[in-house]
1. Calculate, in nm to one decimal, what residue 223 and residue 70 gain on full extension: separation in residues at 0.36 nm each, minus their alpha carbon distance.
2. Above 23 angstrom, tally the Cα pairs of the range 99-225 and express them as a % of all pairs, no decimals.
3. Determine Rg/Rh for the range 139-203; Rg is computed over alpha-carbon atoms and Rh is the Kirkwood hydrodynamic estimate from the same atoms.
4. Which distance in nm do the two modelled labels at residue 193 and residue 111 give, with both placed 7 Å along the Cα-to-Cβ direction?
5. Where is the GNM fluctuation largest for the chain (alpha-carbon springs, 10 angstrom cutoff): 143, 29, 63?
6. What are the semi-axes of the equivalent ellipsoid for the chain, taken as the square roots of 5 times the Cα gyration tensor eigenvalues, largest first, in whole Å?
7. Once you have the Cα-Cα distance between residue 1 and residue 149, take 0.36 nm times their residue separation minus that, and quote the gain in nm to one decimal.
8. So how far apart, in nm, are the two label points at residue 160 and residue 204 if each is 7 Å from Cα heading toward Cβ?
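Values in this text are rule-based calculations from the coordinates and carry no lab data. Worth saying up front: this structure is predicted, and the values here are computed from it rather than measured. Don't worry about glycine lacking a Cβ; one is built from the backbone with ideal geometry, like all the others, and counts go over all protein chains shown.
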């Protein structure tokens, strides 16, 4: 293998890109490529999540930008260690980020760093961090289940299943709720009911990208109902 493999299944990735919400003029998607220590079979000795690359994209250019991550093996390093293929995991936040809000936040952040005469900061990294935090609108509410034995039948009593998309990941599932498709009778109590089923984290989270790499696994949408 001369290059890192990031895209595992072209069709599943393209299907996912089509599933993503359309963007307004001031919106982009935030993506991040990590090297995960827990996936590396001991080949990485530093922190669990080593951030290798992060970028912004719209739907039209997302496939192309992901393809550009497939650099020659050895191009990605963490503290001098070459990153192994099996450690790679690519994530996206499926809720759009607001570039206008991020621009205001970036101005405040960089001004504060200048006023404090902070040394050694990276303006580009600071701006990207502001973009990551600048949620434009919550299209999807993400429930992360860190278990392969989750009982999906309990969801039928918690929410209308027509608003759900289920993503199978390396260690479990992401239950994605399309907020504007929740039926009125479920809106008041669905959140606590889903969490009670055995959810580890929830909210506006990074999501492993279907058709791409996640520690030797490729996440995919599955039919449950």
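1. Numbers: separation 153, 0.36 × 153 = 55.08 nm, distance 2.99 nm.
Taking 0.36 nm per residue and subtracting the Cα distance, the gain is 52.1 nm.
2. On the way: 3729 of 8001 pairs.
Value for the range 99-225: 47 percent of Cα pairs lie more than 23 Å apart.
3. Values: Rg = 10.8 Å, Rh = 11.7 Å.
Checking Rg against Rh, the ratio lands at 0.93.
4. 4.7
5. 63
6. Numbers: eigenvalues 175, 115, 57 Å².
Output for the chain: semi-axes of 30, 24, 17 Å.
7. Details: separation 148, 0.36 × 148 = 53.28 nm, distance 3.41 nm.
Net length gain for the segment: 49.9 nm.
8. With each label point 7 Å from Cα toward Cβ, the separation is 2.5 nm.
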